[in-house]
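Below you'll find the structure, written out as C-alpha cells, and then a few comments.
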Amino acid sequence: MTFKPHLASSGLDLVIKRVNPKVMPQTDSFFTNLNFDNSFTRDLPADPEERNFCRQVPGACYSRVQPVLPSNPKLVSVSKDLADSLEIDEPTLNSQRFVEVFSGKALLEDMDPFAMCYGGHQFGHWAGQLGDGRAINLGEIVTTEGQRWALQLKGAGPTPYSRRADGFAVLRSSVREYLLSEAMHYLEVPTTRALSLVTTGDEVVRDMFYDGNPKAELGAIVCRVAPTFLRFGNYQIFAARGEIEILKQITDYTLKHFFPHLGEPSKEAYVALFNEVCERTSEMIIHWMRVGFVHGVMNTDNMSILGQTIDYGPYGWLEDYDPNWTPNTTDATGRRYRFGHQGQIALWNLVQLANAWVPLIGEPEPLQKIIEDYPAKYQARWNEMMLSKLGLSQPQGDVDAELFQQLLNLLSSVETDMTLFFRGLAQLDIKTHLDSEEANKGIPKELKNSYYKEEELTAEYQQKLHLWLKDYNSRIQEEKLTQAERQTRMNRVNPKYVLRNYLAQLAIDKADKGDNSLVNELLEVLKNPYDEQPDHDEHAQKRPEWARNRPGCSMLSCSS
Ligand code: AMP
Ligand code: MG
C-alpha cells in the first residue's frame, strides 16, 4: 500500500467534466445589499489557463475556477451572529438562495471565484506547490463599516491545486471545522470564521485511517470567512520559484489591505510586517496554550498571515494535561505538532516566512533580529497568560516560574482534565480550605471532578497539591484578592465549555444520520464558553471512558 499522508484517493479524471454553477441574474431581493470588492483577483496576477485540471501554476497568485454543482444541497447550520456581521439580512439567511449560494449551486453576479496558489513546508519539508486544493474563494465583501471579508467554500470541488485528491470534504471534518471556527471566536482566540455548513447530497469516498478501508461518506461544504486567507505559503511559493516580482506584488497587496498602518511598501515596512506577523502568531499560540487547543498540522501552508487559527483538520482538545499529546495519527511518531511544542513550531514556521521575504529586504539581519527576540517575548506572554489563568496580576519573575512549573508538574503527574481543573480551582476558596480541618484530608471537593483515575491520587500527590495550594495562597493574599474577585478573573480566561473531541464526535454521529440538533445546540452553548450555563452542564463534563480510544475522539487523521 502506498502511504499518502495528506490526500485520500480520488479516482476522478484530472479534467472535471461536471456541470458548473450558473451565475444568477439578480431577479430577487436576496443578497442585494452585499458590496463585493474583489481585491485579490483585481490586484494580483491570474493564471491565464482557464481549464480546470491539476498542474503547476507558475507566474500567478490564483486560478479562476468554478464550484462543482452539488446534487441536493441542504443546510445543516448557519452562524447567525456572523451572518449579522456580514450584513446578510434575515430573509436572505432563511432563503433557498442562501443554501444555493453557499453550496456552490448558484453564483452571485459580483462573485469572481478562484483558488489561490501557495506552497508550504509540510512536517518540516518543503513540499512545493500546494494551493487551494478544495477551497474556492467566492469573492470579498466590504461591510458598511468598511470591514473586508473574503468568502470561501471548502469542499466545493477540484481546482488546479487538488493534486491527487478530489477537492471535496466530508461531513465529519466539516462539522469539526464549522463548530470550532465559531467556538474559537467566542473563546477570543484569533480565528477564521464559519458562516454555514451544508451537505451536498453527493457521496465522497474516504479511507479514514489510510488502511485500505475506503468508505462512501456524505459530502459537505463549509463557507469560511476571514479578512483574507493568505498564508505563509503564499509568499514562500514565489520566493522558492524565484518569482520575486510577484512576491513583491503579493506582499505589497498584503500591506495595503491588511496592514495599512505600516505605511507604503518599503524595506522598513516589510520588516515591520514580519515583526507584526511574529507578534500576532505568538499571541495566537499563547491563546491555544491557554485554552488547550492542539492544531495538529502546523505546516506553513496552515499559518495565516493575519495570525488567525486556520485550517481545522485533525486538531484536538487537550483533555488530560499532557504537553506531549497530539491528536493527529499522521504525526504520532514524530509528535512534531504536539501541544507543548506549538510555540517552537510557530517560530520555525516564521523562520521559513522570513527566508521567503529576504529577497525583498535584501539582507537577512533585520529579520534575524526579530527571530532572536521571539523566544523571550513568547516566554513573557506565556508567563502573563499563566498568571491570568491563576487570577493573579502582579508578576514576580522567578517566583512565578516556580509556581507555574510546580503546577504543571502536578497536572501532568496524574491524569488531570485541564479545563475542569482551572474552573474547579477558581471555585475553591483556597484560604478557607487551607484554614479548615479538611485541608489535610485529601483532595478538595472542587477539584475532585478533574481527575480521570482516582487510584493515582496517592498521599504523595495530595501532599504536593497541598504545598502548591499554600504557595498559591500566599500570592493571593499578597495581591489582597477576595475569593469572588479571583473567581471572576479566572472564569474570564479559563473556559467552562470547550469543544471536547468526543462532543464533536457525538454531533457528527447524529448529523451523519440526518439529525443536526447537536451541531446547532453545541454552536449555541459554545457561544458563551466562560459562562455558567446550568442547563448545559452535560456539555462541560470530562471525557467519558468510551471515548478514551475511539477514533474521532482521541485519534484523528488528515483524511477529511
Ligand atoms: P491540509 O494539510 O489539509 O491543509 O492540506 C494540504 C494541501 O492538500 C492543501 O493544498 C489542500 O488544499 C490539499 N487538500 C487537502 N485535502 C484535499 C482534498 N480532499 N482535495 C483536494 N485537495 C486537498
Ligand atoms: Mg491546509
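Relative to the compact-globule scaling 2.2 N^0.38 Å, provide the ratio for the alpha-carbon radius of gyration of segment 123-178.
1.41
List the residues of segment 251-274 whose backbone N lies under 18 Å from a point placed 7 Å from the Cα of residue 365 along the Cα-to-Cβ direction.
Those under the cut-off are 267-272.
Can you send over the solvent-accessible area of residue 228, 1.4 Å probe, protein chains only, in Å² to the nearest 10?
10 Å²
Grab the DSSP H runs of the chain that are 4 residues or longer, score each as -39,500 (n - 2.57), total them, divide by all residues and round the 222 nm result to the nearest 500 deg cm²/dmol.
-12000 deg cm²/dmol
Could you do me a favour and compute the accessible area per residue for segment 70-120, 1.4 Å probe, result in Å²? Kindly include the intermediate steps, with their values, before the conclusion.
Details: 1760 Å² over 51 residues.
Roughly 34 Å² per residue, with all protein chains present.
Roughly how compact is the chain, stated as its Cα Rg over 2.2 N^0.38 Å to two decimals?
With N residues counted in the chain, Rg over 2.2 N^0.38 Å equals 0.99.
Solvent-accessible area of residue 90, probe 1.4 Å, all protein chains present, reported in Å² to the nearest ten, please.
110 Å²
How large a share of the accessible area of the chain, in percent, is made up of carbon and sulfur atoms when the probe is 1.4 Å and the other protein chains stay in place? Spell out each step's value before the answer.
Details: 11230 of 22300 Å².
Here it works out to 50 percent.
Work out Dmax and Rg for segment 174-222 from the C-alpha atoms and quote the Rg first, both in angstrom.
So, for segment 174-222, Rg and Dmax equal 13.8, 40 Å respectively.
Once R0 is set to 56 Å, what does the formula 1/(1 + (r/R0)^6) return for the Cβ-Cβ distance between residue 332 and residue 28, expressed as a FRET efficiency to the nearest 0.05?
0.65
Quick one: if you stick a label point 7 Å off each Cα along the C-beta vector at residue 207 and residue 456, how many nm between them?
3.6 nm
Within the set of other residues whose C-beta is less than 14 Å from the C-beta of residue 98, count the net charge using Lys and Arg as +1 and Asp and Glu as -1.
Counting the neighbours of residue 98, the net charge comes to -2.
Rounded to a whole number, what is D in µm²/s for segment 320-449 from Stokes-Einstein with the Kirkwood radius over alpha-carbon pairs (37 °C, 0.692 mPa s)?
Result for D is 183 µm²/s.
Report, to two decimal places, the Cα Rg of segment 4-229 normalised by 2.2 N^0.38 Å (N = number of residues).
0.98
Could you tell me the extents of segment 398-480's C-alpha atoms along the three principal axes, largest first, rounded to whole Å?
35, 30, 23
What does the accessible area per residue of segment 418-457 come to in Å², with a 1.4 Å probe and no ligands, DNA or RNA counted? The partial results should precede the final answer.
Values: 2090 Å² over 40 residues.
Computed with neighbouring chains in place, this is 52 Å² per residue.
Averaged across orientations, what area in nm² does the convex hull of the alpha carbons in segment 54-124 project?
Mean shadow area of the hull around the Cα atoms is 7.8 nm².
Starting from the Kirkwood radius over alpha-carbon pairs of segment 234-389, derive D by Stokes-Einstein at 37 °C in a medium of 0.692 mPa s and give it in µm² s⁻¹.
Translational D for this selection: 200 µm²/s.
In bins 10 Å wide, starting from 0, what share of all Cα pairs of segment 431-516 does each bin hold, as a percent?
So the P(r) values, bin by bin, are 13, 32, 28, 16, 10, 2.
Identify the residues of segment 486-519 with backbone N under 12 Å of a label point that sits 7 angstrom from the Cα of residue 432 along the Cα-to-Cβ direction, or state none.
none
The values are calculated or read from the model by the stated rules, or taken from the named source; none is laboratory data. Only a predicted model underlies this, so the values are computations on that prediction, with no experimental measurement involved. Backbone-built Cβ (ideal geometry, glycine too); neighbour counts: all protein chains shown. Note: areas computed on protein heavy atoms with side chains; ligands, DNA, RNA excluded. Shrake-Rupley method; radii C 1.70, N 1.55, O 1.52, S 1.80 Å.
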